[in-house]
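Comments concern the structure below.
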Amino acid sequence: MIIDIKNLDKVYKNGKIEVRALKKVNLSVEKGELLSVMGPSGSGKSTLMNILGCLDRATSGSYFLDGMNISELNEVELARIRNLKIGFVFQSFNLLPRMTALKNVELPMIYAKTSSKERRKKAENALERVGLKDRMHHKPNEMSGGQKQRVAIARALVNDPAIILADEPTGNLDSFSGEEIMAVFQGLNREGVTIVLVTHEPDIANHTNRIVSFRDGILMTDVRVQQPLDAKEVMKKLRIEMEAVT
């Protein structure tokens, strides 16, 4: 089991006012799952992702990541976990504009003190896995939104993390580019990569194998998707529709 959460609470205090962002959440994620987290604004899904990513701490309850009790770790240990155990993918890509795709992907390995030769080899391999072998020397302003997000996914992969956390990874993309990203995630998942993504789009969630939904800090539903959408098949249909229009 990669993630094991029990009775998780998160309370934010603003003076005398307390806001319970998460309420007695119980959630487990097995190795190799592709799971989506849904819910309206203020439902607690972003708070959950921050805790899963070791960017925030729970007020009470337990969180084990790949067998480690996260609540027992200090800030230095948490930073190391974020770099080595978790790959992050954000809606806004978060790429450094003056660096090539290759250099952007190498960044996490610099912090991990990987040798330059090994960094380059692993970065090239990660870019090849997301279909960008021919774009590795291009800078972000020379790429489409979908290509930028694939660079971000490659960067999340390079340290072979226990899990990839993706926060609205298709939110800034058109429909076709969004399907390209989901095709990448589905391909990586077939290789055994564990992925948890937050989305407000039901169509995107239906590409995953499992959907958990939050409302008012409570985990309301946990549903297995019987027939997930195949992103490559959706892309074929979109191409036909686009050709018909043009």
What pairs in LYS113/LYS148; LYS31/LYS237; LYS85/LYS121; LYS24/LYS85; LYS31/LYS139 have C-alpha atoms more than 27 Å from each other?
LYS31/LYS237; LYS31/LYS139
For a protection proxy built on the mean count of beta-carbon atoms within 10 angstrom, sort 222-229, 184-191, 48-55, 131-138 highest first, please.
48-55, 184-191, 131-138, 222-229
With x for Gly and Pro, the residue-by-residue ³J(HN,Hα) of the stretch 147-164, computed from phi through the Karplus equation 6.51 cos²θ - 1.76 cosθ + 1.60 at θ = phi - 60° and given in whole Hz, is 5, 4, 5, 5, 4, 4, 5, 4, 4, 5, 8, 4, 8, 6, x, 5, 8, 10
Integer Hz, Karplus 6.51/-1.76/1.60 couplings in order for the stretch 30-39, x for Gly and Pro:
7, 4, x, 7, 10, 10, 10, 10, 10, x
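Computed from the coordinates by the stated procedures, all read-outs in this text should not be read as laboratory data. A quick note: this is a predicted structure, and the numbers were derived from the prediction, not measured. With ideal geometry, Cβ positions are generated from the backbone for all residues, glycine too; neighbour counts draw on all protein chains shown.
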